[in-house]
Every structure is written in structure tokens, then in C-alpha cells.
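This report refers to the structure that appears directly beneath it.
The values are calculated or read from the model by the stated rules, or taken from the named source; none is laboratory data. Computed from a predicted model, the values in this text were never measured in an experiment. Methodologically, a virtual Cβ is constructed for each residue, glycine included, from the backbone with ideal geometry; neighbour enumeration extends over all protein chains shown.
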Amino acid sequence: MADKCKLCGRELSDAQTAPPGENGVGGCSSHSASGDKTAAALADGQSRKGFFSRENNTMGLLGFIASIVSLTPPFFILIPVALGLSLAGLSKKPRTLAIAGCIISGLGVAVGVVALICTFLYT
């Protein structure tokens with residue numbers, strides 16, 4: 001049974017096996033030649049998540065986008081949806097876009113309430 005590369009998981013023949021690098025991790029020749037420190041760290045047991053993906057907050061992003069869209073006149077009806085999505089996004093990090101969505105949609109709600117009051121007072 002052939003060995004597998006500790007960095008990428010490919011099966012290796014004896015000719016493809018690279019000697020251990022400076023960190024003592026051996027792998028296929030493509031990793032050792034490029035000096036890929038990320039792959040070497042993965043071989044040492046570190047998680048891929050820290051290297052290749054950032055945490056995201058989908059609800060916060062959707063709330064932010066909905067709050068921006070709800071500022072245009074045909075889509076005022078989206079203000080409560082945007083506020084709800086942004087508030088739901090506050091429960092997960094990163095909260096930056098969720099906070100911005102709450103502020104923008106909160107301002108939209110305030111403008112809507114003032115507009116309704118003015119409409120009923122002056123008609």
C-alpha cells in the first residue's frame with residue numbers, strides 16, 4: 001500500500017516522496033518544492049478553517065443588503081424584514097454588517113413613522 005502525502009492526501013510512490021523539510025514534515029514533491037507553509041501547518045494537525053475561510057454572518061449580510069435596498073421608494077416594505085434579519089445577525093460574530101443593518105433599517109423605521117404621523121396630521 002502506497003503512502004499518502006501528509007499535506008494534500010495524494011497517494012505517493014517511492015519516487016514521489018520528498019524528504020522532510022525544515023519542519024520535519026515530508027510530503028509530495030510539489031509541496032516541498034514550493035515551500036508551502038500553509039500545507040506544512042496542515043500536516044502538523046492544524047485546521048484548514050483558520051487558513052482558508054473566514055467566519056461569516058449570512059444573516060447580518062442579508063439584513064445589511066435588505067436595509068440598503070429598503071431605502072429606495074418601491075421597497076419600503078422591506079424595512080421590517082431588514083430589521084429582523086439584522087437583529088438575527090447580531091447573535092453571530094462578526095457583527096459589523098448586522099449592526100450597520102440595524103442602524104440603517106432603524107433610521108428607515110423612524111423616517112416611516114414620522115412620515116405616517118405627518119400624513120395623518122396634515123391631511
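Okay, residues lined up against (1) β-branched (Val, Ile, Thr); (2) under 30 Å from Arg10 (Cα atoms); (3) at pLDDT 95 or above:
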site: Leu42; (1), (2), (3): no, yes, no
site: Phe64; (1), (2), (3): no, no, yes
site: Gly89; (1), (2), (3): no, no, yes
site: Ile103; (1), (2), (3): yes, no, yes
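Exactly one residue among Leu83, Leu116, Leu107, Leu78 is out of contact with any Cys (no Cβ under 8 Å at 6 or more places or on another chain), in a helix (DSSP H, G or I) and within 13 Å of Leu62 (Cα to Cα), and that residue is Leu78.
Here's a check for you: in region 95-123, which residue that is exposed (fewer than 14 other Cβ atoms within 10 Å of the Cβ) and under 27 Å from the mean Cα position of the chain (by Cα) is nearest to Glu55 (Cα to Cα)?
Thr96
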